[in-house]
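Each remark here refers to the structure printed beneath this line.
The values are calculated or read from the model by the stated rules, or taken from the named source; none is laboratory data. For clarity, every value in this text was computed on a predicted model and none was experimentally measured. Heads up, the Cβs are rebuilt from the backbone with ideal geometry, glycines too, and the neighbour counts pull from every protein chain shown.
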Amino acid sequence: MKIKSILAVTALTGLVWLAALTCASADLYFESEQTTKGLPGQPDGTSIVKQYISENATMTDQGDRITIIDFNEKMMYDLDPKAKTYTKALAEKMGMPEGAEGQDAEQAKMMQQMMQSMAGSIKVTPTNETQTINGYKCKKYIVSMMMATSDYWATKDFKGYDEMKTVGEKAAKLFENNPMMKQMNVMGLMKDLDGFPIKTSSQVMGGSVVTLVKKIEQKKLEKDLFKVPAGYKLVKE
């Protein structure tokens, strides 16, 4: 899996967590600061990830990449703002290795077994460490999955935690047939992560990725925000 795919899965996993925070009458906007260091083929630096969540769709803006997930269509749209192009795929295929489609039956079976093996390797270990991060009382969990080991600082110290459990079920249904994302999304981890991650620190491929939520706002979002803008060309389906 390429570096950008790993970062995308990381961001989208967080996005699914936050999708569970919304209720039918409230949209959500938040910003996270993502710092990468020592990743092969990826320059060191810090970027701002902007995420928008409504009842039926989510959008993640990483600057050079925009990802839209439509819960009703069960589709994921990956946009390149510079080239004005986009790809689309079923959400259940999110995070699957490139080239998985078009294989013969035996190859497809082997790929499925590999993905199930990676998903089954996910381990969540709670610790006794606590810390207040951006005003939220958090508890530390160690999460191991695939090529990464991460520290998750999770909290229940926010309004809407009960709604998170309810709406999270809707997001979880998108990944019922994806063995990796089924484990990585909110419902897969809620059994062990007792709260919402304000900060994550991941060690992957000899480098690190640190994501910190800086801003959370509830406000009305326009429906067009979750649509592919006019003028974008579909390059892969």
Residues of segment 192-227 being closer than 18 Å to Pro81 by Cα and surrounded by fewer than 18 Cβ atoms within 10 Å (Cβ to Cβ), in sequence order, are Asp224, Leu225, Lys227
Give just the number: which of (1) among the aliphatic types (A, V, I, L, M); (2) surrounded by 14 or more Cβ atoms within 10 Å (Cβ to Cβ); (3) at pLDDT 90 or above does Ala83 not satisfy? (2)
Of the residues in segment 65-86, those that are in a loop (DSSP other than H, G, I, E, B) and within 11 Å of Pro229 (Cα to Cα) number 2
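In segment 130-149, how many residues are within 12 Å of Lys199 (Cβ to Cβ) and outside any loop (DSSP other than H, G, I, E, B)? Break it down stepwise before answering.
Applying the first criterion (within 12 Å of Lys199 (Cβ to Cβ)) to segment 130-149 yields 131-134, 136, 138-141.
Now drop any that are not outside any loop (DSSP other than H, G, I, E, B), which leaves 131-133, 136, 138-141.
Here the count works out to 8.
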Under 9 Å between Cβ atoms, which residue pairs at least 6 apart in sequence (or on different chains) link something in segment 84-98 that is more than 14 Å from Lys74 (Cα to Cα) and among the small types (Gly, Ala, Ser) with a partner that is buried (at least 21 other Cβ atoms within 10 Å of the Cβ) and at pLDDT 65 or above? Gly95/Phe175
Contact list please: Cβ distance under 9 Å, first residue in segment 210-221 and within 11 Å of Gln51 (Cα to Cα) and at pLDDT 85 or above, second residue of a type in the set (A, V, I, L, M) and part of a strand (DSSP E or B), pairs at least six apart or on different chains. Val213/Ile133; Val213/Ile198
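Would segment 184-198 turn up any residue that is charged (D, E, K, R) and at pLDDT below 80? Can you show your working first?
In the first step, residues of segment 184-198 are kept if they are charged (D, E, K, R); the result is 191-192, 194.
If we keep only those that are at pLDDT below 80 too, we end up with 191-192.
Looking through segment 184-198, at least one residue is charged (D, E, K, R) and at pLDDT below 80.
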Here are some residues: Glu92, Glu55. Which one is assigned to a loop (DSSP other than H, G, I, E, B), touching an Asp or Glu at 6+ places or on another chain (Cβ under 9 Å) and farther than 23 Å from Val209 by Cβ? Glu55
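Report the residue count in segment 33-55 for those that are touching a Phe, Trp or Tyr at 6+ places or on another chain (Cβ under 6 Å) and polar (S, T, N, Q).
At the first step, the residues of segment 33-55 found to be touching a Phe, Trp or Tyr at 6+ places or on another chain (Cβ under 6 Å) are 51-52.
Now drop any that are not polar (S, T, N, Q), which leaves 51.
Here the count works out to 1.
Restricting attention to segment 29-86, which residues are among the aliphatic types (A, V, I, L, M) and touching a Lys or Arg at 6+ places or on another chain (Cβ under 9 Å)?
Quick first cut of segment 29-86, residues among the aliphatic types (A, V, I, L, M) only: 39, 48-49, 53, 57, 59, 66, 68-69, 75-76, 79, 83.
Listed by number, the residues that qualify are Ile48, Ala57, Met59, Ile68, Met75, Met76, Leu79, Ala83.
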Looking across segment 49-74 at residues that are out of contact with any Pro (no Cβ under 7 Å at 6 or more places or on another chain), modelled with pLDDT of 90 or more and not charged (D, E, K, R), the single one that is surrounded by the fewest Cβ atoms within 10 Å (Cβ to Cβ) is Gly63
Within segment 122-145, of all residues that are under 18 Å from Val209 (Cβ atoms) and without any contact (Cβ under 8 Å) to a residue 40 or more places away in the chain, the one surrounded by the most Cβ atoms within 10 Å (Cβ to Cβ) is Met145
